[in-house]
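Read through the structure below, which is laid out as structure tokens, and then see the notes.
What follows is calculated from the coordinates using simple rules that are stated; it is not laboratory data. The structure presented is a predicted model; accordingly, all values stated were derived computationally and were not measured. Methodologically, a virtual Cβ is constructed for each residue, glycine included, from the backbone with ideal geometry; neighbour enumeration extends over all protein chains shown.
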Amino acid sequence: MLNELNQRFSIPCLTFGQNRDGLIFAKIQTAAGTGELFLQGAHVTAWSPVDHEPVLWLSQMSNFEKGKPIRGGVPICFPWFGPNEQDATLPAHGFARSQEWQFVNAQEKEGDAIELHLETAIDPFLLSFRVEFGAALKMTLKTQLPVDAKSAHSFEDALHTYFSVSNVRTISIHGLESTSFLDKVDHAKLKSATNVPILIDSETDRVYLNTLSDCILNDVQKKRAIRVAKLGSASTVVWNPWIDKSKRMADFGADEWPDMVCIETANIGDSRIQLAPGESHSTTAVISVGPLSLSSNRDL
Ligand code: BG6
């Protein structure tokens, strides 16, 4: 399969490789930057636009094994988010992130970008994931309910993006100030908007509700701002496991929590998507990096 992929898609900026466990990945190197994607989970594991440090965080302790989720990058959560409410034995965040996806196409785009297209099926849905690695990272998860499906079905999804930060205690996240949220570290209580940017100083696990807003992640020490723009997504999750939860996760280094924060482009809970036969829905996240644009509330 590796040889076949390298022959079928002989584009100079794209090569396929395979790790020791047989997982196939695509490596991108263009004038706009570098990137990496594993076919298992259609999982983006790296993206660095030219002249920038890596934007995505990946755990040193991650599994890269068949059937096990990768810790970091952009796991795709589908068709549910978090634990399955009906059956706790089913995998957290659904099947999409740990099953094999088919590589459909690679296409060069304007601006030295390259778009990869993958597909999979999770009964009764057909999923298509397009990711463009360029000066921005554009990801679209399209979910289709085939026309011959017997009834309507609903799903949750998330592009569970892990960002690399200088120190989570010194960043600020802007864009969700006026949004209420479910606080998963406080019995999933519904909490009112705080009207201030998010500063992280303890375990944080929040589902922001009914928000279409862009988020800006300001990282003063790295002298950069990351913008997460989105379409077709009504929830945003912000997550950092902090000290104790990091220790409980086998695939997360106990001292890695200061290095990351997740800002997840999602449709969760009341914002789950309902499709009638023949309908589809697209969830898009566009990540870009620039100089610091907003002032941080943090004293460094
Ligand atoms: C976040 C959830 O999106 O993912 C957290 O809000 C969860 O509750 C985290 O702990 C990581 O999940 P997992 O299944 O990858 O360990």
(Q) Just the number: Rg to Rh for the range 179-237, Cα atoms, Kirkwood Rh, two decimals. (A) 0.98
Q: Consider just the alpha-carbon atoms of the range 158-203 and return their Rg together with their Dmax, both in angstrom.
A: 11.8, 30
Q.
What FRET efficiency comes out for residue 184 versus residue 10 if R0 is 45 angstrom and r is the Cβ-Cβ distance? Round to the nearest 0.05.
A. 0.45
Q | From the C-alpha gyration tensor of the range 1-154, square roots of 5λ in Å | A | 27, 18, 15
**Q.** Range of Cα positions in the chain per principal axis (Å), largest first
**A.** 53, 48, 36
Q) In percent, what relative contact order does the chain have, based on Cα pairs under 8 Å that are 6 or more apart in sequence? A) 17 percent
**Q.** Choice from 61, 249, 139 showing the highest fluctuation, given a GNM over the chain with Cα pairs closer than 10 Å
**A.** 249
**Q.** Helix-only CD estimate at 222 nm, as mean residue ellipticity for the chain, using -39500 (n - 2.57) per DSSP H run (n ≥ 4)
**A.** -1000 deg cm²/dmol
Q) What does the charge count near residue 76 come to, summing +1 for each Lys or Arg and -1 for each Asp or Glu among other residues with Cβ under 10 Å from its Cβ? A) 0
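Grab the eigenvalues of the alpha-carbon gyration tensor for the range 136-235, scale each by 5, take roots, and send me the semi-axes largest first in whole angstrom.
Numbers: eigenvalues 167, 69, 27 Å².
Its equivalent ellipsoid spans semi-axes of 29, 19, 12 Å.
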Q.
So if I restrict to the alpha-carbon atoms in the range 162-300, what is the Rg, and what is Dmax, the biggest pairwise distance, in Å?
A. 15.5, 53
